[in-house]
Amino acid sequence: MKKLFFFFIILLLVTMACEFSFDTNKDAATTGSESQGSTTEESTGGNSSQAISSIEQVKNATVQIEAQGTFVNPDFTIAVNAAGRGSGFIIDPSGVIVTNNHVVTGAALVKVYLNGEEYNAKVLGKSECSDLAVIKIDGGSFDYLNWYDGDVNPGLEVYAAGFPLGDPEYSLSKGIIAKAKAGGDDTWASNDYSIEHDANINPGNSGGPLVTKDGAVVGINYASISSTNQSFAIPYPISKPVIDVLAGGEDEYSLGINGTAVLNEDQSLSGIWVSSVESGSPADKAGIKPGDIVYMLENLVLATDGTMKDYCDIIRAHEPGDTLSLTVIRYASGETLEGQINGRELEVTGTFDGGSMDQGTGTSDSPAAGDSPDFYSEEFDGDTSNYLYFEWHEAYNSASEDTSIVPNAEDGKMKFDIQKEDKWVYVYYDPYLYTDVQLDMTADNKGVNSNSVSLICRLSDEGWYEANIQNSGLYDILAFSDNQYFNIFNGGSVAINQGKGTNDYSLICSGDTISLYINNQLVKSVTDKKYRLGEGRVGFGVSSFNALPVKVDVENFTISQP
């Protein structure tokens with residue numbers, strides 16, 4: 001099974017729960033096939049449109065899509081009021097746009113950005129099995145892309161257009177077709193085949209066009225394997241018939257979920273993880289909720305091979321209104337439910353010990369616990385005696401003798417004023433130990449641009465996990481073990497407000513997954529199977545490099561269940 005990754009960046013925070021509402025007054029729309037090869041003049045706005053005929057013009061018909069909503073991720077993290085970004089492209093001068101299902105389905109609001117202009121978009125139709133969706137914007141007569149009707153053979157020169165990594169700047173990468181008919185079954189789509197190519201695509205490229213040097217669309221980018229430089233697109237012969245249906249205001253091969261096939265390590269549990277549900281869809285009417293696992297459909301256990309194939313084969317073998325038996329696992333409440341699509345609603349038929357959502361409670365085995373709260377928000381406007389501090393190279397719970405770096409709670413803020421180079425100063429909450437936990441913090445940079453702030457979890461004599469974010473735009477996810485730091489991942493993010501000013505940071509430690517959010521955007525989620533740090537305390541920190549002074553005010557710190 002290919003290990004594929006979403007190109008849709010969840011900016012939390014990508015990721016998902018709660019039900020979303022779409023505008024159900026769907027307009028019928030023509031597709032690009034009806035206007036290929038023509039130059040069309042529209043009276044709306046006095047603009048004229050043209051069919052793109054060169055690679056240089058593709059930018060004029062390629063859009064960035066922002067889907068706002070709430071999502072539940074397969075690692076049990078919840079993205080509340082998240083804004084995820086993907087790509088798409090216009091196929092008709094009236095503003096009909098093609099993208100991926102996983103970019104827009106379940107969102108409350110979809111926005112489109114084209115050449116510096118912002119538009120509200122309407123979802124016309126979607127297909128979770130094909131991972132396709134068609135949306136529409138109004139406001140003028142738009143340039144559009146035509147479909148490529150030539151032979152797609154290995155060696156054909158292609159270009160991937162879109163907006164990777166959530167960056168508003170248009171990107172174009174060049175490559176060739178590696179396989180004209182690669183496998184089409186993966187974790188969130190099931191097609192007869194896909195196009196494999198080596199044009200570089202990243203999260204955020206989802207739904208963008210794969211085009212020839214003449215600007216004709218060969219396929220829709222949707223997946224990649226970064227370690228082997230393999231990228232995948234849904235080919236025109238497969239996508240075009242589905243797009244025609246979606247553009248007409250109908251769904252195709254869809255129950256109305258934004259889903260991912262999941263399979264645990266020992267293969268004892270599999271199914272379709274539901275990140276979000278479209279309001280009014282068959283899934284919604286049956287009672288499926290974000291965070292559910294669709295375990296069985298028509299009495300067949302799903303995703304035993306880690307793909308959407310069986311789920312989609314069943315849907316394609318039935319008409320849209322057919323009644324389908326359904327079994328769901330709801331980890332949030334520890335329940336199994338049974339019901340029907342287009343029939344009776346889900347009802348609880350069994351219970352089990354809570355899953356990962358029930359983990360992560362604080363334990364009061366610390367002698368300092370007393371009446372201290374385990375999950376709460378600290379505003380630093382009262383007694384802060386439960387917060388201790390240390391430098392990384394000293395004993396875990398000792399106070400530093402260097403009084404120049406001691407943080408101070410004042411005016412409702414924990415103030416750091418570091419006047420010395422290469423200091424890593426941490427504050428931790430002493431009363432409780434945590435395993436799975438979510439930490440949220442607002443920090444205001446009062447100094448220069450070279451400071452770093454951190455959130456830490458599972459702090460013990462064994463070490464800790466840490467997300468360290470620099471105001472220059474870089475970040476690291478670290479493990480501290482054996483008295484030294486080990487880098488699990490490092491990168492950069494446009495979500496960071498650089499220089500002076502305020503940023504919101506979140507760190508979720510859940511199982512062996514560490515997830516970092518910056519300003520409500522998921523910037524990275526990593527899995528650690530090497531250091532395996534378990535229960536410990538939680539906290540935050542500030543560090544200095546070689547530009548002084550470093551002044552940071554931590555305005556609040558929240559400890560909650562993930």
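The values are calculated or read from the model by the stated rules, or taken from the named source; none is laboratory data. Remember, predicted model here, so these are calculated numbers, not experimental data. Reconstructed Cβ throughout: ideal geometry from the backbone, glycine too, with neighbour counts over all protein chains shown.
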Query raised in the report: Looking only at region 475-500, which residues are surrounded by 13 or more Cβ atoms within 10 Å (Cβ to Cβ), in a loop (DSSP other than H, G, I, E, B) and polar (S, T, N, Q)?
Result: S493, N497, Q498
Query - Lone qualifier among A286, A247 - being farther than 28 Å from F89 by Cα, crowded, with 20+ Cβ neighbours inside 10 Å and at pLDDT 95 or above - result: A286
Query raised in the report: What are the residues in region 121-159 that are under 21 Å from S49 (Cβ atoms) and either assigned by TED's automatic domain parsing to the domain that holds A189 or of a type in the set (F, W, Y) (or both), if any?
Result: F142, Y144, W147, Y148
Query raised in the report: Which of the residues that make up region 299-315 are outside any strand (DSSP E or B), at pLDDT below 95 and surrounded by fewer than 19 Cβ atoms within 10 Å (Cβ to Cβ)?
Result: N299, T304, D305, G306
Query - Scope region 67-88; condition surrounded by fewer than 24 Cβ atoms within 10 Å (Cβ to Cβ) and at pLDDT 90 or above; matching residues - result: none
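When the residues of region 501-519 are filtered to those that are among the polar types (S, T, N, Q) and assigned to a strand (DSSP E or B), which remaining residue is nearest to the chain's Cα centre (by Cα)?
My answer is S515.
When region 442-459 is examined, which residues are found to be modelled with pLDDT of 90 or more and more than 21 Å from N556 (Cβ to Cβ)?
Passing the criteria: only R458.
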Query raised in the report: Is there a residue in region 212-223 that is part of a loop (DSSP other than H, G, I, E, B), in contact with a Ser or Thr (Cβ under 9 Å, 6 or more places away or on another chain) and surrounded by 20 or more Cβ atoms within 10 Å (Cβ to Cβ)?
Result: yes
Report summary line: With criteria (1) within 24 Å of L109 (Cβ to Cβ); (2) not assigned by TED's automatic domain parsing to the domain that holds T323, S239 comes up short on (1)
Report task. Select from region 251-279 the residues that are surrounded by fewer than 20 Cβ atoms within 10 Å (Cβ to Cβ) and aliphatic (A, V, I, L, M) and list them in ascending order. Result -> V262, L263, L269
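Evaluate the following for T336: is it crowded, with 20+ Cβ neighbours inside 10 Å, out of contact with any helix residue (DSSP H, G or I) (no Cβ under 9 Å at 6 or more places or on another chain) and not aromatic (F, W, Y)?
Numbers: crowded, with 20+ Cβ neighbours inside 10 Å: no; out of contact with any helix residue (DSSP H, G or I) (no Cβ under 9 Å at 6 or more places or on another chain): yes; not aromatic (F, W, Y): yes.
When the stated conditions are applied, T336 does not pass them.
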